[in-house]
Amino acid sequence: MKPSAELLKAIRTWYRSDQYRPFKTSELQELPDWGKVDPNELEEALGELENLGEMVFLFARGWFCTSRENWFVGTLSIARRGFGFVRSLVVDPRGDVFIPIRRLRDAHHGDRVLVALESRRKGHQEYGGEGRSGKILEVIERSPRVFPGYYREVHGGGGVVEPARHESVREVWIDPGFRSGVEDGDRVLARLRQGTAVDGLPPGEVLCHWAPEGTWLADLQMVCAEHELREEFPREVEELAEKFPEQISAAEMAERVDRRDLPFVTIDPIDAKDFDDAICAEALPEGRFRLGVAIADVSHFVSQGDPIDQEALLRGTSVYIPGKTIPMLPERLSNGLCSLRPHEDRLAKIAWMELDAKGQFLDIQLEKAVIRSAHRFTYEEAQATIDGSAPESVGQDLQEQIILLNQLRQVLLNRRLRQGSLQLDIEEMKLVLDDEGEVIDVISREQLAAHGLVEECMLAANEAVATFASRHELPILRRIHSPPDEAELDKFIKLCRVLVPEAIVNSVDDLPQMMGVVADSDVAPVVFFALLRSLNRAEYSPTKEVHFALQKQEYCHFTSPIRRYPDLQVHQTLDRFFLTGGAGPTMSQESVTLHELAETCSTRERGAEAAERDMSRLRAISWLKHRVGERFSGMVTSVRDQGFHVRLDGVLVDGFVHVSKLRDDHYVFSETQFALRGINKGNMIRLGDPVEIELEGVDPLQRDIDLRYLHTRPGARRGRGSGGHAEPRSSRSSKKGRHGSGKSRQSNQKTGGRGRRKDRR
């Protein structure tokens, strides 16, 4: 139940009055001037105020109270040296509050804490800076963060876990019932739990034994635990999936349009098993096209509210981490009955689009059908066909189909660009794995026209279905993307004026033209990454809003119901439309439920992306540890007062050069120039500079890559001087490594990640 604005206003008015005192929920309900208040609504209102940082529930005292001038609620971060900083939950221009070690009590990194400011402004004496300091009064909510460590048994049957990371410098108490069978000295994964401290140590629990550090299994355990990924399906879900028959019944066939004679094809990564989309096209007179996008009819098997559907919602999306796929649906469905495998009859929903010569929609039709994929293309095979060197297994009719689809790709792309769609060409990292899941190479993912072919077809289908839903007022989850915030856009404009002065940017309307100017420049990767950071995240919503990056008024996710829950929701809604002849629920009838669903799906998506990103970085770092001492080329991707980040060419991971390692001058950060400037010699290290660095070390536990700056490569946009130099080398020899990554290949290798780029926007 969402609290009313009137109730929120009443609570705020009361706690700002002279009558306010710390209170329990039951006491607040009994206030005579309030009238009758729904207890559930009151709980929701207090929870919302707590999330906003206006109020806090103190577990130890059992009552709510409000933020005061001398204390507040925030999130604790612990530094390597043991002291901490607390950032307020609400924006505070005065900055973070310094917490000395002796004032941390039993708080842990990531905890939500109640902080009291010191009566005197002592400053950060232990840190060497100025500002506010304080002490922790109470841990309000323990961080759920998972961390590795070592279990040590103590007298009485309990034990402690000594964290292995600097950010978790405090030991954690483990009661006997939470040790999960581990023994003294074992490597473990642990996390904090709610409860009272024991001997000043926060309570925790052991999750599992931790595999040998640096191995694929250890990284997998870490990522799955940190992001609470659900690897195993409940038995009820697996059993239900097994009950579906292998063959399509005659009754079901009779209710669908038979499209098995059409040349639908799938185009996917070489290691894909879940084929949820197939495409075909037909050339029409006057330059028109007819495009058909067939999507696996997952909702035929997964009904809203059944056990499979509930489990799919809990997962939200499939997770594609290097070496492993964690599917949203049981494999019997995802890789079997729903997958549009070649030469097998499969149920599908088809979005038919008639397009004019400029890619504009002339007609949109949706239908439930039976298809039979004529061929399973890999991206590489489709690209070879486009290039005129099709594999022998591809007949002339299928070659013509791919060529026609590629023509349509260009038409659809041109239409998007005319509308102002942002086309961000950013290199992606690709891990090459052996059969054991270990990394044998890190390379840049090749971008093919075949990728764009599929992507444009999917984008068109998503737009077509959203348009269809609007016409019939169907309650679906939409994919929206709001314009950048004014402050973020302003920062980006300032950066562009420094890096690419010829690219004129004054507003969001100038972004497409700017990107065309920047695309051919040396600093394009930095500018595009900066633009990406300045944009808001795309998210799900029940309301129709513009998708800024795509410049589409109508857009949803329809094309991946095997691996994304919002797509499944759209399919389930379409089923009700087909079943009722258009008399199903309308948008207004389901708006509340859809708001909650949209928030859940957006959260699950962010978690999956973070898991994929973390696992890729962990695996890349594990691979790089064997190349310490080698030299790489790279580009400066961010600059701040402590130093600068460099993205290694080919490898596409960032490492850090600390300013203390620049010994030829004293460097200060210039915010206006996005550079470190030597105050004596005037040398500069600027954002976007091409540099040579040496890999000094990696720390998989901290996920850190430490670099040593050697020199700026010729051609950089320079200030006066030639750039800073690192501390001279003495006895340690330097190995000359490859710039970027080698291209050697071994047998039995596969790629990390699935390259699922079809329609992630």
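The values are calculated or read from the model by the stated rules, or taken from the named source; none is laboratory data. Being a predicted model, the structure only gives us computed values, none of them experimental. Because the Cβ atoms are built from the backbone with ideal geometry, glycine has one as well, and the counts that use them run over all protein chains shown.
All told, Val505 falls short of being buried (at least 20 other Cβ atoms within 10 Å of the Cβ), closer than 30 Å to Lys625 by Cβ and either of a type in the set (D, E, K, R) or at pLDDT below 90 (or both).
Yes/no per residue for (1) assigned by TED's automatic domain parsing to the domain that holds Glu344; (2) part of a loop (DSSP other than H, G, I, E, B):
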| residue | (1), (2) |
| --- | --- |
| Leu217 | no, no |
| Gln221 | no, no |
| Met253 | yes, no |
| Pro263 | yes, yes |
| Thr266 | yes, no |
| Cys280 | yes, no |
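Within segment 477-484, is even one residue part of a loop (DSSP other than H, G, I, E, B), within 30 Å of His571 (Cα to Cα), β-branched (Val, Ile, Thr) and at pLDDT 90 or above? Within segment 477-484, none of the residues are part of a loop (DSSP other than H, G, I, E, B), within 30 Å of His571 (Cα to Cα), β-branched (Val, Ile, Thr) and at pLDDT 90 or above.
Selection within segment 509-523: residues that are within 25 Å of Leu648 (Cα to Cα) and without any contact (Cβ under 8 Å) to a residue 40 or more places away in the chain. The member of this set that is surrounded by the most Cβ atoms within 10 Å (Cβ to Cβ) is Val518. Just one of the listed residues (Phe644, Phe558) is modelled with pLDDT of 90 or more, in the same structural domain as Gly678 (by TED's automatic domain parsing) and either surrounded by fewer than 21 Cβ atoms within 10 Å (Cβ to Cβ) or not in a helix (DSSP H, G or I) (or both), and it is Phe644.
The strands (runs of 3 or more DSSP E) falling completely within segment 359-474 that include 2 or more residues that are without any contact (Cβ under 8 Å) to a residue 24 or more places away in the chain map to 361-372.
Given the condition at pLDDT below 70, of a type in the set (A, V, I, L, M, F, W, C), assigned to a strand (DSSP E or B) and more than 33 Å from the chain's Cα centre (by Cα), answer yes or no: does some residue in segment 51-63 qualify? Yes, segment 51-63 contains a residue that is at pLDDT below 70, of a type in the set (A, V, I, L, M, F, W, C), assigned to a strand (DSSP E or B) and more than 33 Å from the chain's Cα centre (by Cα).
Would segment 338-350 turn up any residue that is touching a helix residue (DSSP H, G or I) at 6+ places or on another chain (Cβ under 7 Å), part of a strand (DSSP E or B), of a type in the set (Lys, Arg) and closer than 26 Å to Ile402 by Cβ? So far as segment 338-350 goes, yes, one or more of its residues are touching a helix residue (DSSP H, G or I) at 6+ places or on another chain (Cβ under 7 Å), part of a strand (DSSP E or B), of a type in the set (Lys, Arg) and closer than 26 Å to Ile402 by Cβ. Looking only at residues in segment 647-674 that are part of a strand (DSSP E or B) and within 30 Å of Glu612 (Cα to Cα), the one that is farthest from the chain's Cα centre (by Cα) is His658.
You will find that of Arg576, Arg677, Arg604, Arg631, the residue that is assigned to a strand (DSSP E or B), farther than 30 Å from Ile440 by Cα and of a type in the set (D, E, K, R) is Arg677 and no other. None of Ala450, Ala374 is out of contact with any helix residue (DSSP H, G or I) (no Cβ under 6 Å at 6 or more places or on another chain), surrounded by 17 or more Cβ atoms within 10 Å (Cβ to Cβ) and within 30 Å of Ser299 (Cα to Cα) except Ala374.
Is it true that some residue in segment 285-304 is over 26 Å from Asn406 (Cα atoms), modelled with pLDDT under 95 and either assigned to a strand (DSSP E or B) or of a type outside the set (Lys, Arg) (or both)? Yes; the residues of segment 285-304 include at least one that is over 26 Å from Asn406 (Cα atoms), modelled with pLDDT under 95 and either assigned to a strand (DSSP E or B) or of a type outside the set (Lys, Arg) (or both). Among the residues making up segment 109-128, those that are modelled with pLDDT under 80, within 30 Å of Pro700 (Cα to Cα) and either among the small types (Gly, Ala, Ser) or within 34 Å of the chain's Cα centre (by Cα) (or both) are Tyr127, Gly128.
Taken over segment 691-706, residues that are out of contact with any strand residue (DSSP E or B) (no Cβ under 6 Å at 6 or more places or on another chain) and within 10 Å of Gly655 (Cβ to Cβ) amount to 1. Within segment 495-508, the set of residues being touching a residue at least 24 places away in the same chain (Cβ under 8 Å) and either farther than 22 Å from Ser670 by Cβ or assigned to a helix (DSSP H, G or I) (or both) comprises Leu495, Cys496, Val498, Leu499, Val508. Is it the case, given these coordinates, that Thr573 is β-branched (Val, Ile, Thr), at pLDDT 90 or above and in the same structural domain as Leu366 (by TED's automatic domain parsing)? When the stated conditions are applied, Thr573 passes them. For the criterion of being surrounded by 20 or more Cβ atoms within 10 Å (Cβ to Cβ), at pLDDT 95 or above and either at positive phi or in contact with a Lys or Arg (Cβ under 6 Å, 6 or more places away or on another chain) (or both), Ala241 passes. Just to be sure before I move on: is Ser303 surrounded by fewer than 13 Cβ atoms within 10 Å (Cβ to Cβ) and either within 26 Å of Ile371 (Cα to Cα) or touching a residue at least 40 places away in the same chain (Cβ under 8 Å) (or both) in the structure I sent? In short, yes.
Only one of the numbered conditions (1) under 26 Å from the mean Cα position of the chain (by Cα); (2) not in a loop (DSSP other than H, G, I, E, B) is violated by Asp271, and that is (2).
When segment 260-279 is filtered for residues that are under 21 Å from Glu446 (Cα atoms) and of a type in the set (Asp, Glu), the ones remaining, listed by number, are Asp268, Asp271. Listed conditions (1) out of contact with any Leu (no Cβ under 9 Å at 6 or more places or on another chain); (2) at pLDDT 95 or above are all met by Glu392, apart from (2).
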